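I'd like to ask some things about the structure below.
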Amino acid sequence: MAERLLSMRRVRPLRDEDSADSLVRSRAINSDSRTRGQQVLMEAQLHNFGMYRYRRDRLRSKRYTFGDQWGDIICVDGEKMTEEEYIKRQGNIPLKTNLIRRLVRNVVGVYRSDDTEPVCIARDREEQQQAETMSVALQYNMQLNHMREMYARTLEEYLIGGLVAHKKRFCWRNGKMDNWTDYVQPDNIILDNNMRDLRGWDCTFIGEIHDVSYGEMCEQLAKSPSDYVRLAEIYKAARNQNGLVTYWNEFGYRRDHVDTDFLMPKDESRCRIIEVWRKESKPRYRCRDYNSGELYKIDMEDYDVMVAAENASRLQRGTEAGMEAEDIPLIKAEWFIDSYWYYYILSPFGDIIDEGESPFAHGSHPYVFKAYPFLDGEIHSFVSDVLDQQRYTNRLIVMQDFIIRASAKGALLVPEDCLKGQSPEDFADSWAKFNGVIVYTPSKSGVVPQQVSANSTNIGLHEMLSLQLKFFEDISGVNAALQGKASFSGESGSHAVLMAQNASVSLIDILQSFQDFTLDAAYKDIKNIQQFYDHKKTLSIVGGKAVVYDPQKIRNIEVDISIQQSKASPVYRNTVNDFLIKLFEMQAISLEQMLQIGKFDFGDELLQNIQSQKLQLEKGQMPEGLSPELAERAHQGANQQAVEQLYGAMRGAA
C-alpha cells in the first residue's frame, strides 16, 4: 500500500526567512527596526570607505586648480613635511604659476559660448504641440533653478574631480512648491563600488550624507508632533547646543582634509542624516494585455482583481457576444522577481526615520550622476592629466629664481692685510653701501679688493620652461587658438576661426560626456513635472511667450529629449529676426505675426500697442494718438471716406 503524501506546508510551513521578498526576509531576520537600520548603515559605510582614494585624488586636483601646488607631503630624512615647507627650509621661496586654473576657465568658457538647451520631441508626432509645452515647462524649471550657472559650476567640478551629481526633488522652497535641483557635494555622495557600466545603469546602491541644522532637519522630516518628539530624542545633543557652534571651516576657504568620519559630523551642532537608496527585490507579475497592447507590472496581491477577475469578465462577455474562446483577448501574467528602488532615511545610530518605495513616476532614485571616463569603474579627471606638467613648471621657475639670486650675489675677494682692523662684515657693509668710502692700505702684492660673479643663468632653463608649456597645451588640448591668442602677426580672421575649431576637437569628448549628464537630468525633470504638476498653470520663460500647462493633456505623453541651440542666444535671435524681416518685406506675414514670433527688444511694447488700437477700432472707438482733425471729422460724420481709409490702414498694419 502506497504511503499517503502530506502537503509540504503541513510538514514544514513556509517561513518569512525563505520569502523571495527581500524586505520581508530582512524584517523576519531582524525583528528590531534599529538592528535592520544598522545593517543598511553598515553597507553604506563600506561603500563610503570605498570612495576614499577618489576623494583624496579629487582634493589634490582641487588644491592644484586653486593655487595650492606645493602641498604634497614628502619625507626628508625620516621627517614628513610639505614641499612648501621643504623649499622654505632651503632658503628659497615656493613660487608657482597657476596654469591649471586658466585651463579650466577656458573649457568652461567654451561650454558657455555654445549656448544650448534641452528640447522635448514627442514620439507621436500628433502630440508635438503638447511636447512643445513640455519644452517650455522644462525651460521654465531650468530658469527657476538657475541651471545655466549650475551647469557651468558643475562642469568645473567635472573637470577637476571627474564625478558630478545632482538631486531632483519636488518640495516647498522659496515660497513655491516646485521641482528643485540640488548640487550634491562629491565628498558626501555614496556610490555602489561594484558599478562597471559606463552609463551607471548597473548601480544598485546610492546615498548621500547630510549635515543640517536641527531646525532644517525637523522642517524636512517631521510630519507630525510625534515625529518631532522622536527626532528631538535622537538628536538631543544637537538640539541642546543653544547656538554654540564649532566653526571648523572658514567662510570662502577650502578644507585641508578628507572627512573620513562616516557617523559623526565635525560640527557637533549639526545633525547628520544618511540617505540611502538601494535596490530591493520582490515577486511580481509581468502582464501583457492583448486587448490594449500594454505591458505593465502588478503586485502579487493584485493578481485576483486585475488579472483573474478581468479575464473571467472578458470570457463571459466574449461568449455572450458569440466569440470563440481562443479569439477572446486576455491578460497574460508571468511571475518574475522584480527589482525596485527603496529608500531609507537613517540616523547615525541606525534609527530608520523614514523608509518606503520610490515615490517617483520614473521608479528610480532622485539622483543624476556622471563619472568620467569610468573605464573599468575608474575615474581619471581632466585636471589630473596635467598635474605633472604643472609641478615641473613650478620646479623650473623656483630653480631659475635660485640661480638668478646666486648669480647676482657673487663673492667679494679682500686681501687680509687690507682690512686694517676692520671686520669682514664692516668691510662688506661699506662695499655694498651707495657712495661708500673704504680706506685701506694696499697689500705688498698690489692686489685690490674685487667682486667675482659669473652669469650662470643661460643653462637651458628657458628652453625647458617653454617646452613644458608646450607639453601643457598638447596634453590638455587647450592651445593658443582656443585661448583667443593669435598664432602669428597678421593672421586672418577666417584662419583664426578654423584654428579654434580644430583646437576644440580635443574637448568634444568631455563636453559631449557632460551633455549626456544634462540629458539625464532633463529626463528626470520632465518625469517629475508630469507627475507633480497636477493643476493648470501659466508658464512664462524669458524671451518666449507664455503657455498654459494642462496636466490632463500632457501627463502620459512620452517624449525624447535633444540638445539644441538656445533660443535665448544672440545668434539664434538674430537669425530668426533676419528671416522674419525678409518675410515681412515680401508681404508673406503681417506686422503682428512678425512681432509675435520675433525676438525684438521693442517687440512686446509695439505689439501691445497695435493690438490695443485694433481692439479700439473693432469697438468703433477712435485709437489714441490720431490727429484731432481726423477724430473731429470722424465723429461729425463729415468725411466717412477718410474714416474708412484710416480704418483700413490700421487693419493692414495690425
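Can you work out which of the residues in region 300-359 that are among the aliphatic types (A, V, I, L, M) and in a loop (DSSP other than H, G, I, E, B) is farthest from residue 21 (Cα to Cα)?
Filtering region 300-359 for residues that are among the aliphatic types (A, V, I, L, M) and in a loop (DSSP other than H, G, I, E, B), the one farthest from residue 21 (Cα to Cα) comes out as 321.
Next question. Are any residues in region 179-192 crowded, with 18+ Cβ neighbours inside 10 Å and over 20 Å from residue 278 (Cα atoms), and if so, which ones?
179, 180, 181
Also: With respect to the numbered conditions (1) out of contact with any Pro (no Cβ under 7 Å at 6 or more places or on another chain); (2) free of Cβ contacts under 8 Å to residues at least 60 places away in the same chain; (3) more than 30 Å from residue 527 (Cβ to Cβ); (4) surrounded by fewer than 16 Cβ atoms within 10 Å (Cβ to Cβ), which one is the sole condition not fulfilled by residue 363?
Status for residue 363: all satisfied but (3).
Of the numbered conditions (1) farther than 30 Å from residue 384 by Cβ; (2) at pLDDT 65 or above, residue 458 fails exactly one; give the number of that condition.
For residue 458, the failing item is (2).
Something else about it: How many residues does region 193-219 hold that are surrounded by fewer than 17 Cβ atoms within 10 Å (Cβ to Cβ) and either in a helix (DSSP H, G or I) or touching a Leu at 6+ places or on another chain (Cβ under 6 Å) (or both)?
3
If residue 93 satisfies every condition in (1) outside any helix (DSSP H, G or I); (2) crowded, with 18+ Cβ neighbours inside 10 Å but one, which is the exception?
For residue 93, the failing item is (2).
Residue by residue through region 366-383, note down the ones that are surrounded by fewer than 18 Cβ atoms within 10 Å (Cβ to Cβ) and either in contact (Cβ under 8 Å) with a residue 24 or more places away in the chain or among the hydroxyl-bearing types (Ser, Thr, Tyr) (or both).
Selection gives 373, 375, 376, 377, 380.
So if I check each of 268, 250, 280, which one is charged (D, E, K, R), at pLDDT 90 or above and not in a helix (DSSP H, G or I)?
Criteria check complete, one pass: 280.
Quick check on my filter: what residues within region 360-392 are among the acidic types (Asp, Glu) and in a strand (DSSP E or B)?
Of everything in region 360-392, just one residue is among the acidic types (Asp, Glu) and in a strand (DSSP E or B), namely 378.
Still on this structure: If you go through region 76-83 one residue at a time, do you hit one that is assigned to a helix (DSSP H, G or I) and modelled with pLDDT of 90 or more?
Yes, the conditions are met somewhere in region 76-83.
Would you point out the residue of region 569-592, among those that are at pLDDT below 75 and polar (S, T, N, Q), that is farthest from residue 613 (Cα to Cα)?
569
Also, I was wondering about something else. Just a yes or no: is a residue in region 314-321 at pLDDT below 95, within 21 Å of residue 35 (Cα to Cα) and in contact with a helix residue (DSSP H, G or I) (Cβ under 8 Å, 6 or more places away or on another chain)?
Among the residues of region 314-321, not one is at pLDDT below 95, within 21 Å of residue 35 (Cα to Cα) and in contact with a helix residue (DSSP H, G or I) (Cβ under 8 Å, 6 or more places away or on another chain), which makes the answer no.
Taking only region 310-325 into account, find how many residues are surrounded by 11 or more Cβ atoms within 10 Å (Cβ to Cβ) and closer than 19 Å to residue 288 by Cα.
6
Still on this structure: Among the residues of region 110-168 satisfying the criterion of being free of Cβ contacts under 8 Å to residues at least 40 places away in the same chain and of a type in the set (Gly, Ala, Ser), which is farthest from residue 275 (Cα to Cα)?
113
The values are calculated or read from the model by the stated rules, or taken from the named source; none is laboratory data. Because the structure is a prediction, the values reported are computed rather than measured. Because the Cβ atoms are built from the backbone with ideal geometry, glycine has one as well, and the counts that use them run over all protein chains shown.
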